[in-house]
Every structure is written in structure tokens, then in C-alpha cells.
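Shown next, in C-alpha cells, is the structure this report addresses.
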Amino acid sequence: MSAAEREAFLAEPRIGVLAVRDSRGGRAPLQTPVWYDYRPGGEVAVITGQASLKVRFIRESGRFTLCAQDPALPPRYVSVEGPVVAIHENIDSGVREAMARRYLEPADVEKYLESTRGIAMDYVVVRMRPEHWSTTDYGKLG
């Protein structure tokens, strides 16, 4: 994929798989599905629980990888890795609402926000600057 194609692909609302290594070693990288946000030329943002194992590993290693794919045939994927540039704690409801609107049907957004309101203060936003890209579009392989 060209740079413009890979950035447009990553900007679409897909479920990403976040991977981060345990900086102390002894286990394979942790991989978890996540909602994320990305705008071409910008940073990847992930909202997750501040007490999660992935946040602990992200804080320790200072970087992570995110892979997004299109499972339709022919498959396509974009994987991006880079340094964490910020971890924002105590995020406001607007950030959660924007992410929910990216992934959920309009009728489900309020239900999601209400069902997670009690744990909202436990979320953080992790921002990563894309540094290394890996992409494949099997439809272009001939």
C-alpha cells in the first residue's frame, strides 16, 4: 500500500489488535483486541483500563504495535509500531463518547456510555506516534 492508502485504511473504524511486550521478558507479547482512533498524519489513540496488564506493559516498554485488518477477500492489513507519546489519565466523557460513536450504532452509544459510566475514571488514553509500518493488500499481488 502507498503511504496514503495505509493511512486511509488505518483511519477506518476497525477492531485493532494491540501487541506489547513484557519488558521483563519471560513471556510472549501480550495481544488484545481494542478500539482505536487514527487520523492520517496523526497519532494512534487507544482507550483502555489504567490497571490493565497491557497498560502496565506499555508503561514499561514505552511502545506498542497495532494491527488492523480487513478479513474480506482478498485480505488487507496495516500494522504500525511506535513510541508512546502520552498517557492521559482521568479522561473526560467526550473522549469516550467519540470513541463509542466511531464503533457503535447511534442507538447503542448512550447504552454503552451509561453501562461504563461507573468505571469511566479507570480509563486512560494511550497515544502512539507511528514509526514503523507494515502493510499488505493481497488484491494487489497479481
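The values are calculated or read from the model by the stated rules, or taken from the named source; none is laboratory data. Values in this document were obtained by computation on a predicted structure and should not be read as measured data. Note that each Cβ is placed from the backbone with ideal geometry, even for glycine, and that neighbours are counted across all protein chains shown.
Annotations for the structure displayed:
- Verdict on Val55 being assigned to a helix (DSSP H, G or I) and β-branched (Val, Ile, Thr): yes
- Per-region count, the range 96-139, residues assigned to a helix (DSSP H, G or I) and in contact (Cβ under 8 Å) with a residue 40 or more places away in the chain: 9
- Residues in the range 49-87 that are touching a strand residue (DSSP E or B) at 6+ places or on another chain (Cβ under 8 Å), of a type in the set (Lys, Arg) and more than 14 Å from Ile15 (Cα to Cα): Lys54, Arg59, Arg63.
- Qualifying residues in the range 40-54 (those that are surrounded by fewer than 19 Cβ atoms within 10 Å (Cβ to Cβ) and in contact (Cβ under 8 Å) with a residue 40 or more places away in the chain) - the one nearest to Thr136 (Cα to Cα): Glu43
- Breaking point among (1) modelled with pLDDT of 95 or more; (2) out of contact with any Asp or Glu (no Cβ under 8 Å at 6 or more places or on another chain); (3) of a type in the set (A, V, I, L, M, F, W, C); (4) not in a strand (DSSP E or B), for Phe9: (2)
- Selection count where residues are within 30 Å of Tyr138 (Cα to Cα) and either of a type in the set (S, T, N, Q) or touching a residue at least 24 places away in the same chain (Cβ under 8 Å) (or both), scope the range 55-72: 8
- Residues in the range 42-60 that are in contact with an Asp or Glu (Cβ under 7 Å, 6 or more places away or on another chain) and farther than 13 Å from Arg127 by Cα: Gly49, Gln50, Ala51, Phe57.
- Some residue of the range 10-19 being small (Gly, Ala, Ser) and loosely packed, with under 15 Cβ neighbours inside 10 Å: no
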